[in-house]
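Encoded as structure tokens, the structure appears first; notes follow it.
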Amino acid sequence: MAARRSPFRCIPMRMSPYRILEVHGHASKTILPNKENNRNGEYTAEQLLSQLDAIVKSTEKSPVVLERGKFILPLPESEKNSECRNDLLASLTSFKAKITDIEQQQEELMREAEIEQALLGGEWRAQNEKLTSDENKLSALREKVQNCDKEMDICAVKQAERQAHSRKVLEQQQAILNTLELQLQNNKDEDLRPDLVEALRQQQELLDAEKKDQNKSNLLEER
């Protein structure tokens, strides 16, 4: 396989200590050290690189070099800007797509939150209405209890009054009975005796009836 031909070749000059390096057909003169200053007539890598850098700098403005090296030189500034713009547009499109996706997710979450809030709001209103209804019922029951307490107090007063009245009536009936019995014992008029006996019997019946009514009233009040 043939060795690859280097784009650089040295052309020795008989009458000059210079070496001529031809770069892609363009000759550039530069000073190279004499072989006598190097062992075996060879140059070091540092020396060659230094000379190559000097040649490139001196020929970078040459039309020939620019024409032949246009395919390896950097892209023109307009093409760079176009590529950069395309990259930015691609990134911008990607960012917009991500933003749209995030916004859609956010809208979905907001809708779900609104639905959840509506459900919770409806449940809260229902519970609040039930609580209000229960409070109203409780207030009505408390009012009824207060009315019942008042009525019970009134009934207790009336009961005490009736009991006192019944005791008073019984005492009066008992006193009348005792008086009739005493009159019957002390009576010496035989014609008056039957009337006293009948009066005594009737009074006894009245007293017994009064006691019976009082006992019934006491039983009813105890219930």
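Does residue 173 qualify as being farther than 27 Å from residue 218 by Cβ and polar (S, T, N, Q)? Answer is no for this residue. Quick check: anything in the range 175-188 part of a helix (DSSP H, G or I), out of contact with any Lys or Arg (no Cβ under 7 Å at 6 or more places or on another chain) and basic (Lys, Arg)? Scanning the range 175-188 turns up no residue that is part of a helix (DSSP H, G or I), out of contact with any Lys or Arg (no Cβ under 7 Å at 6 or more places or on another chain) and basic (Lys, Arg). Quick one: is residue 203 modelled with pLDDT under 85 and either in contact with a His (Cβ under 6 Å, 6 or more places away or on another chain) or surrounded by 12 or more Cβ atoms within 10 Å (Cβ to Cβ) (or both)? Spelling it out, it is not the case that residue 203 is modelled with pLDDT under 85 and either in contact with a His (Cβ under 6 Å, 6 or more places away or on another chain) or surrounded by 12 or more Cβ atoms within 10 Å (Cβ to Cβ) (or both).
Taking the options 146, 163, name whichever one is in a helix (DSSP H, G or I) and over 60 Å from the mean Cα position of the chain (by Cα).
Details: 146 fails: over 60 Å from the mean Cα position of the chain (by Cα).
One residue alone meets the criteria, 163.
The values are calculated or read from the model by the stated rules, or taken from the named source; none is laboratory data. All figures in this text were calculated on a predicted structure; none of them were measured in a lab. Cβ atoms come from the backbone with ideal geometry, glycine included; neighbour counts cover every protein chain shown.
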